[in-house]
Amino acid sequence: MLKYIIKRTLWVIPTLVGVLIILFSLTYLMPGDPASIMLGPRATPELVEDLNKRMHLDRAMPVRLGYYLLGVAKGDLGTSVWSGHKVSSLIADALPHTILLAITSLGIAALIGILLGTFAAVRRESPIGGVVTIFSLLGVAVPDFVAALLLMLLFCVQIPLLPALGAGVEGDLVDIAVHLILPATALGIGWVGYLSRLNQESMLDVLDSDYIRTARAFAVPKRAIAYRYALKNAVIPSITVIGLGVGKLLGGAVFVEIIFSRPGLGKLIVDAVYARDFPVVQGGILVATILFVFANLIADISYAFVDPRIQYD
Amino acid sequence: MSEPLLEVSQLTLDYNLGSRKMRALDRVSFSLDKGQVLGVAGESGCGKSTLGLAIIRLLPKVAEIRRGEIVFDGRDLLKLSEAQMDREIRGQKIAMIFQNPQNALNPVFKIETQMIDILRVQDKYQNPGNRKRRQDFRQQAIERLKGTGIADPAVRVSNYPFEFSGGMKQRVMIGMALSSGTSLLLADEATTALDVTIEAQINRLITELAAEYGTSILYITHNLGVLSEMADRIMIMYAGRIFEMGWTKSVLGSPRHPYSTALLESLPGRQTRGKRLLSIPGFVPPLDRLPGGCSFHPRCPFAEEVCRQEVPPLIEVDKGHWSACLFDQKRGRQKWKWI
Amino acid sequence: MEVDLIQIKNLKTYFFQGKGLLSKLFGQGLRIVHAVDGMSLTINKGRTFGLVGESGCGKSTLGNTIFRLVEPLEGEILFQGRDVVKMDQKELRKFRQKAQIIFQDQFGCMNPRMTAGQIIAEPLMMRQGKQESQKEIEKEVAELLNAVNLDPDAAVKFPNEFSGGQARRIGVARAIALNPVFIMADEPTSGLDISTAATILNLMQDLQEKMDITYLWVSHNLNQVRYMSDDMAVMYLGKAVEMGLTSEVFDKMAHPYTKALISAVPQVSPGEQKQTIFLKGEIPSPINPPSGCRFRTRCPQVFKRCEQEEPPLTDLGGGHFCACHLHNSH
Amino acid sequence: MKTDTINQTKAGMKSTQLTLKRKWSDTLRVTLRSVVKVKGGLWGGIFVGIMLVCAIGAQWISPSDPNAQDIVHRFAGPSLKHFLGTDYLGRDILSRIIYGCRIAVMVAFGAVTLSAIVGVFLGVMGGYNEGKKIDYFIIWLFDIVRSFPQIILALAIVAVLGPSLLNVVFALAFTAFPFYGRLARAKTLSVKEADYVKAAEAMGLKRIKIILRHITPNILAPVIVCLGMDMATMIIWESGLSFLGLGVRPPTASWGIMLRNGYKYILTSPLMILWPSVAIAVAMVAFSLFSEGLRVALDPKERER
């Protein structure tokens, strides 16, 4: 297992190098002169020349790649074309909001989803199965950004219960929590549906398996079988899905942050896209990607802990 | 005089699969004496595995017992509550080992974890109030493994199932199943998936441990050869019914039912090279489309009109030898010789 | 009059595990599976050669190597005098039309998206030098279905619509479609019920008689091999331990492993007392086979020499070979 | 002499003419019938059908021009003239939903097809050359693209290329191809080892025929199922990008643009958000039910006997 973990971890390095190359080469896809595009209507020859210098846009491609990689290695993601702030400090301000949102929504969704699915499978005749069906239908039918819009319509406009915009006053935990309710719900509701259905199905499979029958034949109580024996097997698919889902979650966060005006990473990226502030876009995407890559890594490693049979080729 | 440990009478069981209803067991009656080995033989789909699961009451939800009794040690198991089954029967007096050792153990837990759990459950029911430490159970698990001939049990106990070969997994199962309290062991195709030399080892282990603890065995298999060597009595099933039952020597030596006769003749065991094997025409009917009368009649060359109409009763045709064939019962064996 | 159809000389097939880039990086070392480790045998025309052994002994790998589905490491496979190992693609294709396989998994060996008719017609359509109309091929498929006792309407069914025995028959029909001279049957009755297995055995015997086919019969079922085969070899960890006429091997078994194996087979013999020889332990892994005689770790008659020296396959007379120091010392 | 005996044997056999294949129409009918048999498959099929009809025949079906402005009746509720009401410029919402369907289906279909073609090609290539350098390179490529959160990468590509229908299709296809690739590669690996491929090899069948007859049909089924499910995802993303103003350009009717306008007028007209949400919800459920039915129908193991 240790070998698997080492190999899996080392594989991150070439992947991240590839990610950097793609991010870097995105500037090449831009039709026309990058500097004038980034500066937009403000572009004067002096400003363009200045930007070209600053971003080494006037140098040959390999040299620019070298500068870029070197910068990233030093933790320098460049400066915002628009505001002149360091990209890294912009991200440092935005990131906590996104991480808080992601952890709250996914964490709660995973907890509820897995429990709901397990209950539904263990008590086949109970109405919990119906709840799972409703949630999974909702999760399929209402994508996160539509959910965000509808929730806002319902709880901020029609019945004004909850705040619509912002992330709450810094330091005021209650305010932050209140501001988190709607975005986290919008982001998490699909996950509840998906994970509960997934866990229900895999739990049913496991409960039908030979080794559960063996345990029953030895009078191991049903409760112990379900929550101790079967759950560990049944949760395996959910782990992979959650790991891969972090990418989707970060994508969904973009919309939710825009809709609820939360100053997170997603909003930072989209606002930078609107402003054609390319260094910020690049840096923001890089950080989001690194988050995703490491979430996947953690999922794969915990997978290895749950399932001892794992081998890595 | 031996006394019966298990008496099954008129056991009838259906599987309800949506619109389809399959009669998996039809008026199955037999008894098993203390210390005896009863072999249950038949082709796939004859209901032999269902019988084992019915006795230990682990049938799938779609199964419904229509009528019958399973009297074990003087009590009807079908009348016991789930809690009573767990407390007194399962894993205590009746143990079961299954066909596929690859899947019989939980792949994500160590052997010791699984064994300790089971030992703890057994201990809880046997000596309530007397709390033992995990270390004691672990020691007990190691001893059980040692008893089944696993080398290095103290090390192997902390392995995962995938690090064990099929034969060793089956040893673990036997170690968990057989203890001094076990009075009945249900073995469902326990050695089918194993190699011949390993199969011989495992069957010997089962026989020896059962003899040591005075355990009776219901040995379910499709391998008549294994039964010939292990079983005291044999029961041959077809499409949910018992066709023939009796002492091993008489059932295998002088079978009375055309089906059992054909089954024995179709084995390439002692036939000489080049001689044709007997093959039964047709195939085992699916349980939801059983023919009326004797369910074997479409494949039986001796079938007469009466076989299509009447279900043949299981009748004692010889001392301790039962058979369910109308033709045999009415005209005698001479009339229907296959060969 | 016996003619060699296939002659295998010192055949070795190894599998290599841990060849990947990362494995190399972490120096796990190459693990070599000695699947077939120096087998020599001769299969005579028109006869059935039985190959028995327990799982992991390499009997299936040997079969696959003959067809070059697996490439051998060294050795020769002479088929009608030509070395299969050295054949080029064109020759190999010709050879593969004369030699056929009946696979162990009767469902797995059929493309689930083709009908039984298409499956059987496939070899017919690739016959060389003969362009046939669809009609002719359809007629031949009907004949082949008839030959294996299946209804003609089976042709439009998909594999999953058949029972185990029927699926096996389709496999047989495909194998005999090109009138092969040689068929390897890999556990041809595995997964079948007793009575169904009997019909398949009968069918294959009839076909052998009618079409003069030579069989290589790979099986773990000793009763079946005894019943079906004229010659046989017993394999253990990639090597033959005993070989000869089936009757000779069963009547005058010489190798301790053969003795134990045959004694372990459960027989329907009510009332007879049989002396089973129980072997100790498990079959060792073919990755690190024991030194000297491979059977020594489980052999009841092991002695000093077995550990140091590998016993050669020696003739005990009459083409009955055995690889054991007990029969080698004098 | 031997041939004679065989001919004799064969002559003794009953010879009947028979067909080997099932008719194409039969196969299609059987497949569709089993899709419909799956729980919900019928409804999925019906709604997917309705969506396709709307997409193809938008100009004949929709009651009015999606861009015709009726400023007098802005923010109108449902009426006989405008079944679903009007938006902030007085445009007919129903017509815009129907035209939006066209955009959604076009983008989703284009992106899914493009990514599947590229992905399957690369995946099969990697699978064939398992363990070789090209395989490692392809895996690496897949893993890099998969490392980006999908929608964020699409967003970046559109940002760089500029928002347009074609660029949206390209961006979405680029983010999705590794998933098809990995699926195709994994399937190729397992099918390559299947006994029926070995059987074909042992028969002496040529490599190219093995690929065409035995491997491709057996890896396509899961890819097709995946296509169905991905259609739903792509429809969401098209709406999402358009919602952010990075998809198709206004005034083109797209569900995402309609939501964007609805968000602007959330205080004035809740119906402007509701209707496109309903359209998206129906499309999502329809495609997922249909592809679930397709999954069961295309799996030979689950196909009804």
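The values are calculated or read from the model by the stated rules, or taken from the named source; none is laboratory data. None of the values given here were measured: they were computed from a predicted structure. Ideal geometry is used to build each Cβ from the backbone, glycine not excepted, and the neighbour counts take in all protein chains shown. Note: accessible area is taken over every heavy atom of the protein model, side chains too, but ligands, DNA and RNA are not part of it. Shrake-Rupley method; radii C 1.70, N 1.55, O 1.52, S 1.80 Å.
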Inset, instruction - State which residue is nearest to B:Arg90 (Cα to Cα) when the search covers only the stretch A:220-236 and only residues that are within 8 Å of another protein chain (Cβ to nearest Cβ) and crowded, with 23+ Cβ neighbours inside 10 Å. - result: A:Val220
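Being touching a residue at least 24 places away in the same chain (Cβ under 8 Å), in contact with a Phe, Trp or Tyr (Cβ under 6 Å, 6 or more places away or on another chain) and either more than 8 Å from chain A (Cβ to nearest Cβ) or surrounded by fewer than 21 Cβ atoms within 10 Å (Cβ to Cβ) (or both) is the requirement here; does D:Val120 meet it? Outline the logic, then answer.
Numbers: touching a residue at least 24 places away in the same chain (Cβ under 8 Å): yes; in contact with a Phe, Trp or Tyr (Cβ under 6 Å, 6 or more places away or on another chain): yes; either more than 8 Å from chain A (Cβ to nearest Cβ) or surrounded by fewer than 21 Cβ atoms within 10 Å (Cβ to Cβ) (or both): yes.
It is true that D:Val120 is touching a residue at least 24 places away in the same chain (Cβ under 8 Å), in contact with a Phe, Trp or Tyr (Cβ under 6 Å, 6 or more places away or on another chain) and either more than 8 Å from chain A (Cβ to nearest Cβ) or surrounded by fewer than 21 Cβ atoms within 10 Å (Cβ to Cβ) (or both).
Yes/no per residue for (1) part of a loop (DSSP other than H, G, I, E, B); (2) touching a Pro at 6+ places or on another chain (Cβ under 8 Å); (3) more than 12 Å from chain B (Cβ to nearest Cβ):
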{"site": "C:Met235", "(1), (2), (3)": "no, no, yes"}
{"site": "C:Ala240", "(1), (2), (3)": "no, no, yes"}
{"site": "C:Phe250", "(1), (2), (3)": "no, no, no"}
{"site": "C:Ala254", "(1), (2), (3)": "yes, no, yes"}
{"site": "C:Tyr257", "(1), (2), (3)": "no, no, no"}
{"site": "C:Ala260", "(1), (2), (3)": "no, yes, no"}
{"site": "C:Ser269", "(1), (2), (3)": "yes, no, no"}
{"site": "C:Gln273", "(1), (2), (3)": "yes, no, no"}
Inset, instruction - Test each condition in (1) in a loop (DSSP other than H, G, I, E, B); (2) within 15 Å of B:Ile202 (Cβ to Cβ) for B:Met173 and report the one that comes out false. - result: (1)
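May I ask you to verify whether C:Ala264 is at negative phi and buried (at least 22 other Cβ atoms within 10 Å of the Cβ)?
Numbers: at negative phi: yes; buried (at least 22 other Cβ atoms within 10 Å of the Cβ): yes.
It is true that C:Ala264 is at negative phi and buried (at least 22 other Cβ atoms within 10 Å of the Cβ).
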Inset, instruction - Take the residues in the stretch C:141-190 that are acidic (Asp, Glu) and facing chain D (nearest Cβ under 8 Å), then tell me which one is surrounded by the most Cβ atoms within 10 Å (Cβ to Cβ). - result: C:Glu143
Inset, instruction - Residue by residue through the stretch C:268-284, note down the ones that are under 28 Å from C:Gly318 (Cα atoms) and either surrounded by 15 or more Cβ atoms within 10 Å (Cβ to Cβ) or in contact with a Phe, Trp or Tyr (Cβ under 9 Å, 6 or more places away or on another chain) (or both). - result: C:Thr276, C:Ile277
Legend entry - Counted residues, the stretch D:250-275 - those being touching a Ser or Thr at 6+ places or on another chain (Cβ under 7 Å) and either in a loop (DSSP other than H, G, I, E, B) or free of Cβ contacts under 8 Å to residues at least 12 places away in the same chain (or both): 1
Inset, instruction - Answer yes or no: is there a residue in the stretch A:264-279 that is within 15 Å of the chain's Cα centre (by Cα), open to solvent by less than 20 Å² (accessible area, probe 1.4 Å) and more than 24 Å from A:Ala184 (Cβ to Cβ). - result: no
Legend entry - Top-ranked residue of the stretch C:102-119 - restricted to ones that are more than 7 Å from chain D (Cβ to nearest Cβ) and more than 19 Å from the chain's Cα centre (by Cα), ranked as surrounded by the fewest Cβ atoms within 10 Å (Cβ to Cβ): C:Met114
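Tell me whether the stretch A:140-155 contains one or more residues that are surrounded by 16 or more Cβ atoms within 10 Å (Cβ to Cβ), closer than 13 Å to A:Trp191 by Cβ and at pLDDT below 80.
First, the residues of the stretch A:140-155 that are surrounded by 16 or more Cβ atoms within 10 Å (Cβ to Cβ): A:140-153, A:155.
Still in the list and also closer than 13 Å to A:Trp191 by Cβ: A:140, A:142-144, A:147.
Narrowing the set further to residues that are at pLDDT below 80 leaves A:140.
Yes - at least one qualifying residue is present in the stretch A:140-155.
Out of the residues in the stretch A:288-312 meeting the condition of being among the β-branched types (Val, Ile, Thr) and within 11 Å of chain D (Cβ to nearest Cβ), tell me which one is most open to solvent (accessible area, probe 1.4 Å). Give the derivation first.
In the first step, residues of the stretch A:288-312 are kept if they are among the β-branched types (Val, Ile, Thr); the result is A:289-290, A:293, A:298, A:301, A:306, A:310.
So of that shortlist, the ones also within 11 Å of chain D (Cβ to nearest Cβ) come out as A:289-290, A:293.
Details: A:Thr289: 0, A:Ile290: 60, A:Val293: 13 Å².
Residue satisfying both the conditions and the ranking: A:Ile290.
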Inset, instruction - Only residues that are under 22 Å from the mean Cα position of the chain (by Cα) and outside any strand (DSSP E or B): list them for the stretch B:83-101, please. - result: B:Met85, B:Asp86, B:Glu88, B:Ile89, B:Gly91, B:Gln92, B:Lys93, B:Phe98, B:Gln99, B:Asn100, B:Pro101
Inset, instruction - Scan the stretch B:87-124 for residues that are within 7 Å of chain A (Cβ to nearest Cβ), more than 19 Å from B:Ala187 (Cβ to Cβ) and open to solvent by 10 Å² or more (accessible area, probe 1.4 Å) and jot them down. - result: B:Pro107, B:Asp117, B:Val121
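Conditions tested, residue by residue: (1) over 30 Å from B:Leu252 (Cα atoms); (2) within 19 Å of the chain's Cα centre (by Cα).
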| residue | (1), (2) |
| --- | --- |
| C:Ser229 | no, yes |
| C:Ile262 | no, yes |
| C:Glu272 | no, no |
| C:Lys280 | yes, no |
| C:Arg294 | yes, no |
Inset, instruction - Would you confirm whether any residue within the stretch B:23-41 is more than 24 Å from B:Leu224 (Cα to Cα) and over 12 Å from the mean Cα position of the chain (by Cα)? - result: yes
Inset, instruction - Could you tell me whether any residue of the stretch D:277-286 is open to solvent by less than 10 Å² (accessible area, probe 1.4 Å), assigned to a helix (DSSP H, G or I) and farther than 22 Å from A:Leu153 by Cβ? - result: yes
Inset, instruction - Residue by residue through the stretch D:143-168, note down the ones that are farther than 15 Å from A:Leu244 by Cα, in contact (Cβ under 8 Å) with a residue 12 or more places away in the chain, facing another protein chain (nearest Cβ under 9 Å) and part of a loop (DSSP other than H, G, I, E, B). - result: none
Inset, instruction - State the number of residues belonging to the stretch C:30-74 that are within 30 Å of D:Arg207 (Cβ to Cβ), open to solvent by 10 Å² or more (accessible area, probe 1.4 Å) and of a type in the set (Ser, Thr, Tyr). - result: 2
Inset, instruction - Only residues in the stretch A:1-19 that are more than 12 Å from chain D (Cβ to nearest Cβ) and outside any loop (DSSP other than H, G, I, E, B) count as the first member; pair them with residues that are open to solvent by 30 Å² or more (accessible area, probe 1.4 Å) and of a type in the set (A, V, I, L, M, F, W, C), Cβ under 6 angstrom, at least 6 apart or cross-chain, and list the lot. - result: A:Tyr4/A:Ile310; A:Ile5/A:Ile301; A:Lys7/C:Leu22
Legend entry - Residue under evaluation C:Glu122, criteria (1) assigned to a loop (DSSP other than H, G, I, E, B); (2) within 10 Å of chain D (Cβ to nearest Cβ), criterion not met: (1)
Inset, instruction - Could you please let me know if C:Asp230 is within 11 Å of another protein chain (Cβ to nearest Cβ) and farther than 27 Å from B:Leu205 by Cα? - result: yes
Inset, instruction - With the checklist (1) facing chain D (nearest Cβ under 9 Å); (2) assigned to a loop (DSSP other than H, G, I, E, B); (3) on the phi < 0 side of the Ramachandran plot; (4) not small (Gly, Ala, Ser) in hand, flag the one item A:Val273 doesn't pass. - result: (2)
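Is it the case that D:Leu212 is open to solvent by 10 Å² or more (accessible area, probe 1.4 Å) and either within 14 Å of chain C (Cβ to nearest Cβ) or free of Cβ contacts under 8 Å to residues at least 12 places away in the same chain (or both)?
Details: open to solvent by 10 Å² or more (accessible area, probe 1.4 Å): yes; either within 14 Å of chain C (Cβ to nearest Cβ) or free of Cβ contacts under 8 Å to residues at least 12 places away in the same chain (or both): yes.
Yes; evaluated as a whole, the condition is true for this residue.
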Inset, instruction - Could you please find all residues in the stretch D:41-61 being modelled with pLDDT of 75 or more and open to solvent by less than 50 Å² (accessible area, probe 1.4 Å)? - result: D:Gly41, D:Gly44, D:Gly45, D:Val48, D:Gly49, D:Met51, D:Cys54, D:Ala55, D:Gly57
Legend entry - Selected residue [within 11 Å of chain D (Cβ to nearest Cβ), open to solvent by 10 Å² or more (accessible area, probe 1.4 Å), within 16 Å of the chain's Cα centre (by Cα) and not charged (D, E, K, R)] from A:Ile239, A:Ile285, A:Ile258: A:Ile258
